[in-house]
1. Pairs please, first residue from the range B:136-155 and free of Cβ contacts under 8 Å to residues at least 24 places away in the same chain and more than 11 Å from residue A:168 (Cβ to Cβ), second anywhere and surrounded by fewer than 22 Cβ atoms within 10 Å (Cβ to Cβ) and among the polar types (S, T, N, Q), Cβ atoms under 7 Å, 6+ apart in sequence or on different chains.
2. Please work out if residue B:171 is away from every other protein chain (no Cβ under 13 Å), among the hydrophobic types (A, V, I, L, M, F, W, C) and open to solvent by 50 Å² or more (accessible area, probe 1.4 Å).
3. Check the range B:126-137 and report whether any residue there is over 29 Å from residue A:22 (Cα atoms), of a type in the set (Val, Ile, Thr), loosely packed, with under 15 Cβ neighbours inside 10 Å and within 16 Å of the chain's Cα centre (by Cα).
4. Tell me which helices (runs of 4 or more DSSP H) are completely within the range A:86-172 and hold 3 or more residues being in contact (Cβ under 8 Å) with a residue 40 or more places away in the chain, or say none if there are none.
5. Given the criterion open to solvent by 70 Å² or more (accessible area, probe 1.4 Å) and touching a helix residue (DSSP H, G or I) at 6+ places or on another chain (Cβ under 9 Å), identify the matching residue among A:73, A:41, A:54.
6. All but one of (1) of a type in the set (A, V, I, L, M, F, W, C); (2) touching a strand residue (DSSP E or B) at 6+ places or on another chain (Cβ under 6 Å); (3) open to solvent by 20 Å² or more (accessible area, probe 1.4 Å) hold for residue A:112; state the number of the condition that does not hold.
7. Limited to the range B:110-125, what total is found for residues that are more than 16 Å from the chain's Cα centre (by Cα) and not hydroxyl-bearing (Ser, Thr, Tyr)?
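The values are calculated or read from the model by the stated rules, or taken from the named source; none is laboratory data. All values reported here derive from a predicted model rather than from experimental measurement. Heads up, the Cβs are rebuilt from the backbone with ideal geometry, glycines too, and the neighbour counts pull from every protein chain shown. Surface accessibility is based on the protein's heavy atoms, side chains included, excluding ligands, DNA and RNA. Shrake-Rupley method; radii C 1.70, N 1.55, O 1.52, S 1.80 Å.
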Amino acid sequence: MKIQIRRNVFETNSSSMHSLVIRRNDITSVDDNNVEHPINRILTHDEMLTNIKRFMDKQGIVDFSYRNWYFGRSPFRIMTTFSEKVEYLLASYLYFRRYNEENQIGFDEAVALIKKLVPEVKDIKCPSDIGFDEAYYFSWKNQYGFSDEDFLTHTRYIAIQDGDEYGKWHDVYLYNLASEDVIEVDSMDFHNGEKEC
Amino acid sequence: MSIVRIMNSEKLCDRAYFYIKKENREVTKEELQEACGIYPWTLERHKEDNKPIPLWFGYGDEFDYKDNFYIIADVNARLQFAYASYFNDDELNNWIKEQLPMIEDFSKISTYRNGFNLREFLNENNITVQDFIMNDKYVVVLDDGIHWGKLVYSYLVDLDVFTEETAYQPIDFYGSID
């Protein structure tokens with residue numbers, strides 16, 4: 001038998017591993033004065049405005065055009081804040097629109113939603129280069145049945161970007177460091193056993 | 001269910017942290033052997049080739065914490081971290097020889113030095129490097145971003161697995177850099 005090996009080619013099948021983490025709703029934290037607060041809450045308008053303001057000019061233009069919207073395997077990102085989730089959401093819709101000419105629904109509605117949540121936002125500039133390895137966001141929406149508004153405004157939704165060759169989020173489970181009492185859903189399902197990666 | 005979190009936020013980013021888990025788990029010699037890349041087929045191949053068996057970690061992580069995030073929590077990672085901190089140290093080599101007498105060649109270890117003065121840090125805390133390598137209770141987090149802080153403050157990390165002293169005030173040994 002003759003085995004053919006291509007020269008100078010090193011192939012890997014590494015791919016991105018994005019996780020949607022949904023925290024349980026019945027968990028509270030205790031502050032320094034022994035007062036309990038739920039760890040999940042809906043962001044206020046002021047919180048969203050304060051968070052997105054650093055990208056916004058005096059005319060209300062939010063400029064993401066210089067940002068890295070390649071949501072692939074690295075860097076490791078934990079998207080918890082309003083602006084981080086806005087970027088992930090808009091990039092998902094733009095990427096989806098580029099490859100689904102028949103279905104252009106989503107992006108304009110998402111921009112309208114952001115303007116509704118933070119009326120001070122008048123327009124949003126996006127980068128021209130956008131990339132994903134897989135359209136995770138839409139499968140999460142289908143599977144867990146949340147709206148774009150839920151994702152953006154509710155602190156229980158956290159998106160994590162990782163790659164299977166790094167496996168940082170996977171390590172958190174592997175070394176028994178994950179708060180399994182707090183995590184209701186991890187879309188990568190690490191908490192139900194070690195997933196191959 | 002409620003969770004108590006009393007932590008100093010300045011302590012959780014851009015730094016290296018040392019934690020001690022409550023659970024004490026000593027690593028077996030077989031696990032150490034695997035961490036050193038010694039498997040039956042390695043032994044066989046070197047015997048066939050009549051070559052000394054090297055200690056070699058491949059070209060993997062060198063634990064340069066810049067722009068990165070590492071959770072060093074298994075024997076392989078702790079051993080490599082110790083080597084990169086102690087910089088191919090005779091004490092470490094001799095100890096490995098005692099544990100795994102089949103290893104004869106130490107020339108293939110990376111000459112990379114990560115800059116963390118682990119020796120001084122462990123001495124100050126009365127921990128031997130052998131204990132550090134061989135016990136899964138020791139966890140080091142290297143973070144040049146805010147990854148660890150975000151994971152902790154999002155309640156995604158269970159600090160209860162660590163001892164009280166380190167969980168709520170993880171030891172920052174960034175200051176010990178050479």
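1. B:150/A:80; B:154/A:80
2. Yes; evaluated as a whole, the condition is true for this residue.
3. Yes, some residue in the range B:126-137 is over 29 Å from residue A:22 (Cα atoms), of a type in the set (Val, Ile, Thr), loosely packed, with under 15 Cβ neighbours inside 10 Å and within 16 Å of the chain's Cα centre (by Cα).
4. Correct list: A:136-144, A:148-153.
5. A:54
6. Answer for residue A:112: the failing condition is (2).
7. Final tally of qualifying residues: 1.
Here's the yes/no breakdown for (1) more than 14 Å from every other protein chain (Cβ to nearest Cβ); (2) buried (at least 16 other Cβ atoms within 10 Å of the Cβ); (3) in a loop (DSSP other than H, G, I, E, B); (4) of a type in the set (A, V, I, L, M, F, W, C):
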residue	(1), (2), (3), (4)
B:67	no, no, yes, no
B:76	no, yes, no, no
B:92	yes, yes, no, yes
B:108	yes, no, yes, no
B:114	yes, yes, yes, no
B:119	yes, yes, no, no
B:140	no, yes, no, yes
B:145	no, yes, yes, no
B:160	no, no, no, no
